[in-house]
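For reference, the structure is listed below as C-alpha cells.
The values are calculated or read from the model by the stated rules, or taken from the named source; none is laboratory data. For clarity, every value in this text was computed on a predicted model and none was experimentally measured. Glycine gets a Cβ as well: all are built from the backbone with ideal geometry, and neighbour counts include every protein chain shown. All accessible areas refer to the heavy atoms of the entire protein, side chains included, with ligands and DNA or RNA removed. Shrake-Rupley method; radii C 1.70, N 1.55, O 1.52, S 1.80 Å.
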Amino acid sequence: MKINSRFLKKILFKKYLYIIPIMMSSYVEVEAQTLNVSGSNWVVGVPPITEAGTNYAGTYQSSDTLLTLSGLLPGSFLNLLSGGAAKVSMHYIPTAWNNSLRLYAKRSGGTTNIGGVCVLCTATINGGTTYIEIPQGVDATFLTINFAGVLGLGNSVSFSGINTQLQISGVSVTIPATSYNAKLVFTIGPN
C-alpha cells in the first residue's frame, strides 16, 4: 500500500515510534528479589512433669542458628526502593495448633555486599535483634535491609548469614498433650 499524503506518512511514522518502545519493554526480563531460608525443623523437647501441681517452664528457645536467611536485591528492585528499604516479613500457618501457643523470632548477625558500580552506596540490616511475635496469617516485619547511594551500573545487594532463633511460649499443662505443627513463611518486598 502506497501512501501519497505527507501528513498521513508523518502520523503513521509517529504511531510506530510509540508502539515499538512499548513492545520492547514487554520483552525486557526483570530479575526478582530473592529470599532463601535454610535450616531444619524445630522439635521442642518438653520435659515430663514428675510432680503433681507442677507446670512446664512455658517458654522454650531453639538454637540461635536454627534458620539462616540470605538473598539478593537486584538493581531493578533497588530502583523501585528509591534509596529506601526492603523488608523481610514473617507469619505462620497452623497445621495442628493451639492458639494459646505463641511463636517469636529474632536474628543475629548478617552481612550485605553491594555489587556493580555504585557511588557512595551503603546497605545495612536493621531490626529483628530482639524477639518479635510471629502472627498467624498476617505479616509482621522481621527486619529491614536499608539501601542508600547513587545508583550506577548493574547494582545489586546480596545479604547472607542472618541467623534466626525461634521461641515458643504458652506451653502449659492446660493445653492438651499432643503434637503441634506450624509452617513459617518469610517474604521480602519494599518497605
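Annotations for the structure displayed:
- Accessible surface of the stretch 50-179, 1.4 Å probe, proportion on carbon and sulfur as whole %: 52
- Percent of Cα pairs exceeding the 16 Å cut-off, where the set is the stretch 72-150: 58
- Volume per residue of the C-alpha convex hull in the stretch 106-173, rounded to whole Å³: 98
- Gap separating the Cα centres of the stretch 42-86 and the stretch 155-191, nearest whole Å: 4
- Residue 172 versus residue 141: modelled label distance in nm, points set 7 Å from Cα along the beta carbon direction: 3.2
- Net lengthening on full extension, residue 130/residue 97 (0.36 nm per residue, minus Cα-Cα): 9.5 nm
- For the stretch 141-191, the per residue solvent-accessible surface stands at 46 Å², with DNA, RNA and ligands left out and a 1.4 Å probe.
- Each label point was placed 7 Å from the Cα along the Cα-to-Cβ direction; for residue 51 and residue 179 their separation is 3.2 nm.
- Note on residue 42/residue 113: beta-carbon distance plugged into 1/(1 + (r/R0)^6) with R0 of 22 Å gives a FRET efficiency of 0.15.
- Neighbour net charge for residue 106 - beta-carbon separation under 14 angstrom, K R +1, D E -1: 0
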